[in-house]
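Pasting in a structure now, in structure tokens, and then I'll have a few things to ask.
The values are calculated or read from the model by the stated rules, or taken from the named source; none is laboratory data. Note that the structure is a prediction, hence the values are computed from the model and not measured. Don't worry about glycine lacking a Cβ; one is built from the backbone with ideal geometry, like all the others, and counts go over all protein chains shown.
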């Protein structure tokens, strides 16, 4: 698949995670699909806390949807569950939630409970400390999972159809001599790994 076709296909299937995506389709589309959420994430001030700051996360999720669905389709192409596409991003969402909990917990202690005394402040910092330890463990697990997911995305397509659909590198041709049964034929003379 050439670059313009891969980009068109990726955006056309931006909200479809049920098909399969060939290796060439995914790896040509991924850098393009990474640009919108990457630019948004870099230009957004994540440390600024507002009551309605969840909108930043929702916009980022919407912008990342084409990349996530393409990765899910790619994982399905090699026979893996497409839900693994979101695993590498879970610790980042957890970090944002811990930051929100710390900020709003501090706000409640200072403004609602009038400083709250030593016990409430200590409880807040213990909770944040436990959250940060859990986050550190989640980041380590996320790193291993990310390497695994990228490794699966580098594998060649499973030959023939799998439980997620037909191989995107193969065309089913009807064999008239055998009564119309289909057989897989590679597209473009490639090695099936595209």
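Only residues that are loosely packed, with under 14 Cβ neighbours inside 10 Å and part of a loop (DSSP other than H, G, I, E, B): list them for the range 135-174, please.
159, 160, 163
Residues checked against (1) free of Cβ contacts under 8 Å to residues at least 40 places away in the same chain; (2) outside any loop (DSSP other than H, G, I, E, B); (3) under 30 Å from residue 170 (Cα atoms):
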{"residue": "37", "(1), (2), (3)": "yes, yes, no"}
{"residue": "58", "(1), (2), (3)": "yes, yes, no"}
{"residue": "64", "(1), (2), (3)": "yes, yes, yes"}
{"residue": "69", "(1), (2), (3)": "no, yes, yes"}
{"residue": "76", "(1), (2), (3)": "no, yes, yes"}
{"residue": "109", "(1), (2), (3)": "yes, yes, no"}
{"residue": "131", "(1), (2), (3)": "yes, yes, no"}
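When you scan the range 39-51, do you find a residue that is part of a helix (DSSP H, G or I), farther than 27 Å from residue 167 by Cβ, more than 13 Å from the chain's Cα centre (by Cα) and modelled with pLDDT of 90 or more, even just one?
So far as the range 39-51 goes, yes, one or more of its residues are part of a helix (DSSP H, G or I), farther than 27 Å from residue 167 by Cβ, more than 13 Å from the chain's Cα centre (by Cα) and modelled with pLDDT of 90 or more.
Could you list all residues from the range 93-104 that are in contact with a helix residue (DSSP H, G or I) (Cβ under 9 Å, 6 or more places away or on another chain) and either surrounded by fewer than 16 Cβ atoms within 10 Å (Cβ to Cβ) or touching a residue at least 60 places away in the same chain (Cβ under 8 Å) (or both)?
93, 97, 100, 101 - these are the residues of the range 93-104 that are in contact with a helix residue (DSSP H, G or I) (Cβ under 9 Å, 6 or more places away or on another chain) and either surrounded by fewer than 16 Cβ atoms within 10 Å (Cβ to Cβ) or touching a residue at least 60 places away in the same chain (Cβ under 8 Å) (or both).
Only one of (1) at pLDDT 75 or above; (2) crowded, with 16+ Cβ neighbours inside 10 Å fails for residue 126. Which number is that?
Failed condition: (2).
Regarding residue 44, is this residue over 30 Å from residue 101 (Cα atoms) and surrounded by 13 or more Cβ atoms within 10 Å (Cβ to Cβ)?
Values: over 30 Å from residue 101 (Cα atoms): no; surrounded by 13 or more Cβ atoms within 10 Å (Cβ to Cβ): yes.
In short, no.
Checking the structure you have, find out if any residue of the range 16-31 is surrounded by fewer than 16 Cβ atoms within 10 Å (Cβ to Cβ) and in a helix (DSSP H, G or I).
Yes; the residues of the range 16-31 include at least one that is surrounded by fewer than 16 Cβ atoms within 10 Å (Cβ to Cβ) and in a helix (DSSP H, G or I).
Next question. Name, by its number, the condition in (1) in contact (Cβ under 8 Å) with a residue 40 or more places away in the chain; (2) under 13 Å from the mean Cα position of the chain (by Cα) that does not hold for residue 138.
(2)
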